[in-house]
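Structure, as structure tokens:
No value in this document is a laboratory result; all are computed from the given coordinates. No experiment lies behind these values; they were computed from the predicted model shown. Positions of Cβ are generated from backbone atoms using ideal geometry, with glycine treated the same way; all protein chains shown enter the neighbour counts.
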Amino acid sequence: MQYFFDFVLGSVSYFILTYFVYSIFGYKKKIAYGLLGIIFLSTVYQFVSMIPYIENTSLIILIGVIDIGPVFFAYLIFSSLTGGLPMIKLKRKTKLKNLSTSVITKRSKLQTALMVITGGFVIGLLGFFLITDIMRYVVVILSAVFVILGVVLWIKETKVIDERIVLFIGRDKEHRYIFEINKALSIDIKDFFTNENYIVDRIGEAIMVNDQNKQSIDYLYWVATSDKVDVKEMPLTKIEHLPYEEELYRYEKYHIKRLWFQENRMGNAEFVKEKVIK
């Protein structure tokens with residue numbers, strides 16, 4: 001029974017750590033799978049180094065299952081929840097496009113934070129009451145780290161007070177439309193733009209910070225065409241002005257940028273800094 005609890009707690013711990021890293025780094029699967037790969041190689045190395053000192057074959061198999069099995073099981077859980085390995089997606093262009101242009105909203109990130117906090121707390125309790133050796137303290141410490149990281153993510157996301165999609169149409173971004181995100185977990189292009197004759201590029205984010213350190217985030221998309229595009233049947237609302245109007249030249253078609261602005265008392269946004277996402 002002790003071995004069973006060790007296996008389950010190890011699997012859940014690896015999964016929570018992987019999913020947290022996955023969410024922190026912008027839901028990039030390659031980073032998450034890279035972390036799992038490092039953990040896997042580390043456990044394999046430790047297992048192989050112990051083999052010469054163990055004469056019982058059954059004990060070798062048992063130790064291998066307990067040490068390496070949780071990593072593999074965490075991979076299965078993570079893969080099933082996120083839709084498989086990145087290289088599988090490369091064969092399906094539509095999925096790759098959806099992955100690269102979709103927006104993970106505040107609500108989804110809060111759910112991730114809550115899952116990390118809850119998982120860390122549950123694992124810590126189980127480890128404290130069910131594990132009797134030194135591993136009890138290892139599990140409890142790791143669980144505390146998960147809880148702290150989850151709280152940090154939760155606090156970070158609660159600073160976001162508004163999210164919306166901003167769609168530019170025209171060679172010079174002259175036509176602007178907004179799409180309200182509301183309670184969606186994620187938003188993809190097909191949710192607000194349904195004309196398949198045009199390419200919609202995600203060009204970045206505009207993060208506006210007010211004097212109370214609260215954030216409003218615009219996720220920016222661009223249809224760079226000189227055609228007159230009919231959006232009457234789409235859930236878009238036309239707008240004439242954006243607070244960061246004078247800084248739109250910073251956003252380019254083939255780069256995704258995240259720009260921060262400080263919102264002043266007049267409602268305009270002053271440029272602070274930028275980061276190239278892709």
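Observations on the structure shown:
- The trypsin sites (Lys or Arg not before Pro) of region 178-270 that DSSP puts in a loop, and whose beta carbon has at most 13 other beta carbons within 10 Å, are 183, 228, 232, 253, 265.
- Mean separation of Cα pairs under 8 Å and 6 or more residues apart, divided by the residue count, gives region 160-276 a relative contact order of 30 percent.
- Amide H contacts for residue 263 (H built 1.01 Å from N in the peptide plane; partners 5 or more residues away or on another chain; cut-off under 5 Å): 209, 210, 270.
- Residues in region 155-172 that a label on residue 191 would reach, taking backbone N under 19 Å of a point 7 Å out along Cα→Cβ: 157-168
- Contact order relative to length of the chain, as percent, for alpha carbon pairs under 8 angstrom and 6 or more apart: 15 percent
- Once Rg and Dmax of the Cα atoms in Å is calculated for the structure shown, the corresponding label among (i) 18.9, 58; (ii) 23.4, 77; (iii) 17.8, 54 turns out to be (ii).
- Membrane-span-like helices in the chain, defined purely by DSSP H runs whose alpha carbon atoms cover 30 Å or more axially and whose average Kyte-Doolittle hydropathy reaches 1.6, are 57-82, 135-158.
- Projecting label points 7 angstrom from Cα along Cα→Cβ for residue 59 and residue 274 puts them 6.3 nm apart.
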